[in-house]
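Report on the structure given below.
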Amino acid sequence: MNRLDGKVALISGAARGIGAETAHKMAAAGASVVIGDVLVDRARETAKEITDAGGKGVALALDVTTEASWAAAAAGATKQFGKLDILVNNAGIFLGKDLMDATMEEWGRLVAINMTGVWLGTKMCAPALAESGKSSPHGSAIVNLASIAGLVGSQLDPLYSMTKGGVTLFTKSTALSFGRMGWKIRVNSIHPGVIETDMGAQTFASRARQTGSNDVEAARGVAMKQHPIGRLGVAEDIALGIVFLASDDAGFMTGSGMVIDGGLTAQ
Ligand SMILES: NC(=O)c1ccc[n+]([C@@H]2O[C@H](COP(=O)([O-])OP(=O)(O)OC[C@H]3O[C@@H](n4cnc5c(N)ncnc54)[C@H](O)[C@@H]3O)[C@@H](O)[C@H]2O)c1
């Protein structure tokens, strides 16, 4: 189950957090993994951990906001491993500001990474994915990191929510578009609850500031209580879902969203 033997995956923002854990899990499942990030040294460390564990992983510089960087990453992946079967559009940033407080500069950066980055990754990797999809019974796969904030509203972060809502519907639209063109590329999204990564820590700090308590640990406690399952998520919870969606076990899934949120949006 959930094996990726012989497959080649490119993961954006995989130097740390959910992306890095996904790289580890994919390599353990038999994939060759390309780790793209602006944090190049950290990306190299993640790649080294994978190769030290006997897997196949390389790091390359990727800034998801530019077409040229994506073109180089897609070319780098196919040059290194001969093809591309899986794209994980994982790179993302959090804002942690109300719509009344955000600046145009902050909005521009948020959109560039969370939305433009997903579109450009899809556009620049689609030709290689379509090519490899021809020789795979269940095609190739794109997994986009959306969020529960792309499914339900977010009182304290409407702009982040807007970008993730965009990713949710871009995923469905891309699945339809590729289907219409006859390209065998499945496209699905993942919707995590609050996950304990650097970004998770940033959300607690923002919430503490936004609610005026400045008590980060209390904000973490509030976030935990919002998850009926009784804990916050960890990167592994999400990485396992991404591996499934990328694998042939999800061969009949496209245009879907997988919610991994400890029950948060069940309420
Ligand atoms: N942590 C959470 O609670 C949570 C919840 C829902 C969704 N998500 C989503 O999951 C994804 C991963 O989040 P995470 O928690 O691992 O965050 P993280 O901050 O720990 O990691 C994000 C990675 O993206 C990279 N990145 C940022 N800008 C980039 C750029 N321009 N080009 C390339 N890489 C860039 C960062 O360097 C970092 O390595 C994001 O899309 C995020 O929005 C996270």
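Numbers below:
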| item | result |
| --- | --- |
| Within the stretch 37-119, helices (runs of 4 or more DSSP H) holding 2 or more residues that are more than 9 Å from the ligand (Cβ to nearest atom) and under 23 Å from Lys7 (Cβ atoms) | 40-52, 67-81 |
| In the stretch 12-56, residue surrounded by the most Cβ atoms within 10 Å (Cβ to Cβ) [restricted to those that are out of contact with any Leu (no Cβ under 8 Å at 6 or more places or on another chain) and among the hydroxyl-bearing types (Ser, Thr, Tyr)] | Thr22 |
| Matching helices (runs of 4 or more DSSP H) fully within the stretch 184-267 where at least 1 residues are free of Cβ contacts under 8 Å to residues at least 40 places away in the same chain | 198-210, 216-225 |
| Ala59 being free of Cβ contacts under 8 Å to residues at least 60 places away in the same chain and under 18 Å from the mean Cα position of the chain (by Cα) | yes |
| Which listed residue, of Arg220, Arg180, is at pLDDT 95 or above and more than 12 Å from the ligand (Cβ to nearest atom) | Arg180 |
| Residue, nearest to Leu176 (Cα to Cα), within the stretch 107-123, restricted to residues that are of a type in the set (Gly, Ala, Ser) and surrounded by fewer than 19 Cβ atoms within 10 Å (Cβ to Cβ) | Ala112 |
| Pick from the stretch 124-144, criterion aliphatic (A, V, I, L, M) and not in a helix (DSSP H, G or I), ranking: surrounded by the most Cβ atoms within 10 Å (Cβ to Cβ) | Ala141 |
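The values are calculated or read from the model by the stated rules, or taken from the named source; none is laboratory data. Keep in mind it's a predicted model, so treat the numbers as computed, not measured. So basically every Cβ, Gly included, is an ideal-geometry build from the backbone, and we count neighbours across all protein chains shown.
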